[in-house]
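Some notes on the structure that comes next.
The values are calculated or read from the model by the stated rules, or taken from the named source; none is laboratory data. All figures in this text were calculated on a predicted structure; none of them were measured in a lab. Here Cβ is always computed from backbone atoms with ideal geometry, including for glycine, and neighbour counts include all displayed protein chains.
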Amino acid sequence: MHRIAARLVKLLALAICLLAPGAAHAFSGEQVVTAAGFPAMTKFIAGDPQQPLVVFIPGAHHTARIAYGGHPGGRDEDFLAHWLVKEGYNFLGVSYPIATRNPVIADAYPAFNARDWGQQAAELAKRTIDEHHLTNRIIVIGWSMGGRIAEPITEAATAAGLDVAFFVSFSATPGVTGLVSMKANFPMTASGYADRSNIYPAFLKQLAAENALNGGRVIIDEESYRNDYVGDMPVSLEGYGLHYRDGQFVRDFWADEEDFRVHDYGKLPYIAMFMPNHPLDARHALTDRGNWGLLMVNKISEDLAAAKVDLNAMPRDRWLALVDLVRGAPDRLSVEITGDHFFFVGEMGARQTATALKTMDARMAGFKGELKALTAAQAK
């Protein structure tokens, strides 16, 4: 009875939200706020105030709803946010400016870029921490295209006084030129956004696979998915070298480099990788450990150089231990999750992913501790 009553309360709240003037298509608990000069759709769910804030950044053409749900008929238990809060974490979903069929963000911002994106997400994390009296420690999840925000959000968050404990790649692509097609072109909408609705059937196929893993139950129905979870978006976030200028898309890979800045290794966060194991998401299953491992080991090397660690003065046994630690980082800091690109959607995957993040939180702290213990004596 309690479960039925809770579901009725949720549906009533959703109905009120849908009827509210000016927020016709917002889900319960969502807000449209302005940060870094641009609107974002957010949802905060409180956990233990002494635990970190987990900031979820969605991938291409998706809202952060993919991590918290909220559509009519949906179940909280099928979404990651529910289980992260069960683990004690606070949750913040941040959707960049996006044009869904059922609009929540009214205007279009086609020139919105990755520097804006990182600044916006960092400002919203800081604002949430201040409003809810949380610690300044955050964990950032970047799903799919959301991997490209790793450096921009870390640089902005650090400048705001936040401690980025680590960044978690969820089947994500880092902002490295050439990891996706260097020749792709997309239709431009009248508002200047990129339209890639042609890829939605492939996403729906992967969601159907997650349905099968969860007993055949439909987690997100196709109508809700197309109307409320996906939409047109600013092209420069995509990572294909395309940028909106003077009413058209132009190719400029150097602008991508300046936006994503993965080459600025010292400003990258520590990185963990959550990887799928289904062939429907073959590229990420096969390459994520290597792609992110490249950035991770270079980040550590840059940090050691910045700290002026005298590696030549290190005792031989400690040096060999450091070599093993750094070389092994990509394996130690990666986790395989059963599923495809949407492995964290559906109760089975959502629960498994939340548990894995809790375990990774402790594992990352242990890794950092070992690194510090091996190098502290040689730091100048």
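Things worth noting here:
- Annotation: ASP252 fulfils all but one of (1) in contact with a His (Cβ under 8 Å, 6 or more places away or on another chain); (2) buried (at least 16 other Cβ atoms within 10 Å of the Cβ); the unmet one is (2).
- Of the set (1) part of a helix (DSSP H, G or I); (2) closer than 18 Å to HIS263 by Cα; (3) over 15 Å from the mean Cα position of the chain (by Cα), all apply to ILE199 but (2).
- GLY346 vs. criteria at positive phi and modelled with pLDDT of 95 or more: yes
- Among residues of the stretch 64-106, those that are among the charged types (D, E, K, R) and closer than 13 Å to MET41 by Cβ, counted: 1
- Among the residues of this structure, PHE203 counts as one that is of a type in the set (A, V, I, L, M, F, W, C), over 18 Å from ASP76 (Cα atoms), modelled with pLDDT of 95 or more and in contact with a His (Cβ under 9 Å, 6 or more places away or on another chain).
- Test result for GLY293, part of a helix (DSSP H, G or I), out of contact with any strand residue (DSSP E or B) (no Cβ under 7 Å at 6 or more places or on another chain), buried (at least 18 other Cβ atoms within 10 Å of the Cβ) and among the small types (Gly, Ala, Ser): yes
Conditions tested, residue by residue: (1) under 19 Å from TYR225 (Cβ atoms); (2) crowded, with 22+ Cβ neighbours inside 10 Å; (3) of a type in the set (Val, Ile, Thr).
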{"position": "GLY47", "(1), (2), (3)": "no, no, no"}
{"position": "GLN51", "(1), (2), (3)": "no, no, no"}
{"position": "VAL55", "(1), (2), (3)": "no, yes, yes"}
{"position": "HIS62", "(1), (2), (3)": "yes, yes, no"}
{"position": "ARG65", "(1), (2), (3)": "yes, yes, no"}
{"position": "GLU77", "(1), (2), (3)": "yes, no, no"}
{"position": "LEU80", "(1), (2), (3)": "yes, yes, no"}
{"position": "TRP83", "(1), (2), (3)": "no, yes, no"}
{"position": "ASN90", "(1), (2), (3)": "no, yes, no"}
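- In summary, strands (runs of 3 or more DSSP E) completely within the stretch 234-282 and bearing 3 or more residues that are touching a helix residue (DSSP H, G or I) at 6+ places or on another chain (Cβ under 7 Å) and under 19 Å from LEU179 (Cβ atoms) occur at 271-275.
- Spans of strands (runs of 3 or more DSSP E) in the stretch 24-64 with at least 1 residues touching a helix residue (DSSP H, G or I) at 6+ places or on another chain (Cβ under 6 Å) and among the β-branched types (Val, Ile, Thr): 38-45, 53-57
- Taking every residue in the stretch 236-248 that is within 19 Å of TYR96 (Cα to Cα) and touching a residue at least 24 places away in the same chain (Cβ under 8 Å) and pairing it with any residue that is part of a strand (DSSP E or B) and among the small types (Gly, Ala, Ser), at least 6 positions away or on another chain, the pairs with Cβ-Cβ distances below 7 Å are GLU238/ALA194.
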